[in-house]
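The values are calculated or read from the model by the stated rules, or taken from the named source; none is laboratory data. Owing to the predicted nature of the structure, the values given are computational and were not obtained by experimental measurement. Heads up, the Cβs are rebuilt from the backbone with ideal geometry, glycines too, and the neighbour counts pull from every protein chain shown.
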Amino acid sequence: MTPRLFGTDLVALGVTLTLAAAGGFLASWAHLPLGYLLGSLLVTGVIAAQGWRPFGKPVTLPSRLRFSFVPVIGVSIGGAFTPEVARQALGWGPSLAALCLFIPISHAIGYAIYRRGGLPRAEAFFGAVPGGLLESVQLGEEAGADVRLLTVLQFLRLILTILTVPMIFWALTGQAVGSAGGARIGGGATLSLRDAALLAAAGGAGVWIARSLRFPAWIMTGPLTASALLHVSGVVHGVPPAWAVAVTQVVLGTGLGARFAGMERGLLHRATALASLNGAAALLLAFGFGSAVHALAGEPLAAAFLAFAPGGLAEMSLIALSLHMSVIYVTAHHVARIVLAVTVAKIGARLLKDR
């Protein structure tokens with residue numbers, strides 16, 4: 001009998017993670033920005049999209065395993081929270097307020113692109129939601145939209161942003177960034193056994209409490225909040241070591257890449273073309289908003305741009321960590337982006353239902 005984990009063939013999972021880790025290592029060795037994440041994503045994504053079966057096994061990673069690693073990012077971000085950051089947050093009002101304009105404008109542009117591309121109204125509307133992948137797909141399904149197409153469009157929004165943003169920083173600075181430039185994610189103060197136990201407990205308790213209270217992106221914001229409270233109170237000083245965050249990057253990248261398995265070629269090609277156009281427009285809009293508000297918020301342009309970039313909360317926060325930016329600033333904006341995007345989508349769902 002084949003051993004299984006979370007209902008997944010353990011041999012297939014081992015092959016998948018081995019290939020992903022090799023891709024992440026090679027990308028990091030080649031000095032690609034955020035190499036462990038991008039390398040594992042590219043390797044597993046290509047294999048899954050092509051339908052290849054290395055050693056006779058499919059590329060796979062159970063969602064529960066991927067989710068179990070996300071709290072590591074939240075705990076790491078919580079370690080960046082200090083009283084000084086709390087004082088700086090008082091000046092983020094104009095930047096957060098700008099999100100109230102950015103979300104509907106970005107959504108409207110995406111909707112127009114998808115409609116011009118020939119997509120039906122419901123698929124275009126929910127596929128263009130700039131945040132909240134699971135929520136937007138669920139709302140779209142309730143409105144009668146094609147779930148496969150919505151999933152591909154939303155998933156490609158994340159993938160293309162995650163792939164593009166580090167390359168943009170690389171191109172603009174003319175040098176390697178993040179871990180490729182010598183920066184390390186995690187590995188700040190030495191993590192003692194006591195601190196490790198407290199952070200592990202904080203991560204678990206944070207997930208449970210945030211889920212019970214229905215926090216947005218609870219699997220990350222819960223551990224983040226718990227870790228921040230421990231660090232700002234001085235109870236804990238250490239953060240997860242760099243190798244733990246590197247492993248987390250590989251798992252997250254693998255989970256994203258494995259989602260390409262079983263996608264129809266025609267659907268994937270059409271959705272990729274439209275999602276690429278929408279992603280480019282969203283990034284240009286994010287740069288425009290970042291340019292307008294970064295001085296008011298007292299943050300660098302790069303941080304403001306990253307705060308508006310429509311990628312995943314965990315992945316954009318990872319990029320901020322790797323670039324030694326104001327990760328709390330970036331994370332706060334992405335939590336607000338998800339809340340606003342889902343709120344707009346729910347309003348749109350009611351309007352479509354009335355029609």
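Table for the structure above
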item: Lone unmet requirement of (1) within 26 Å of Ser63 (Cβ to Cβ); (2) at pLDDT 80 or above for Ala314; result: (2)
item: Qualifying residue in the stretch 241-255 (condition: small (Gly, Ala, Ser), touching a residue at least 60 places away in the same chain (Cβ under 8 Å), within 30 Å of Phe125 (Cβ to Cβ) and not in a loop (DSSP other than H, G, I, E, B)); result: yes
item: Flag for Thr164 being hydroxyl-bearing (Ser, Thr, Tyr), at pLDDT below 80 and closer than 30 Å to Ala345 by Cα; result: no
item: The listed residue being in contact with a helix residue (DSSP H, G or I) (Cβ under 8 Å, 6 or more places away or on another chain) and not β-branched (Val, Ile, Thr), out of Leu351, Leu306; result: Leu306
item: Sole residue being of a type outside the set (S, T, N, Q), more than 24 Å from Val152 (Cα to Cα), surrounded by fewer than 21 Cβ atoms within 10 Å (Cβ to Cβ) and touching a Phe, Trp or Tyr at 6+ places or on another chain (Cβ under 9 Å), chosen from Leu65, Leu90, Leu101, Leu96; result: Leu101
item: Matching residues in the stretch 7-32 - criterion: being part of a loop (DSSP other than H, G, I, E, B) and surrounded by fewer than 14 Cβ atoms within 10 Å (Cβ to Cβ); result: Gly7, Ala30
item: Selection status of Ile47, part of a helix (DSSP H, G or I) and over 14 Å from Val247 (Cβ atoms); result: yes
item: When residues of the stretch 218-244 are limited to those that are closer than 18 Å to Gly204 by Cα and among the β-branched types (Val, Ile, Thr), the one surrounded by the fewest Cβ atoms within 10 Å (Cβ to Cβ); result: Val235
item: Single unsatisfied condition, Arg148 versus (1) farther than 30 Å from Phe287 by Cβ; (2) part of a helix (DSSP H, G or I); (3) at pLDDT 85 or above; (4) of a type outside the set (S, T, N, Q); result: (3)
item: Residue that is modelled with the highest pLDDT, among those in the stretch 260-288 that are charged (D, E, K, R) and not in a loop (DSSP other than H, G, I, E, B); result: Arg270
item: For Val129: the one exception among (1) modelled with pLDDT of 80 or more; (2) farther than 30 Å from Trp208 by Cβ; result: (2)
item: Matching option when the condition is crowded, with 21+ Cβ neighbours inside 10 Å and of a type in the set (Val, Ile, Thr), among Val339, Val293, Val247, Val335; result: Val293
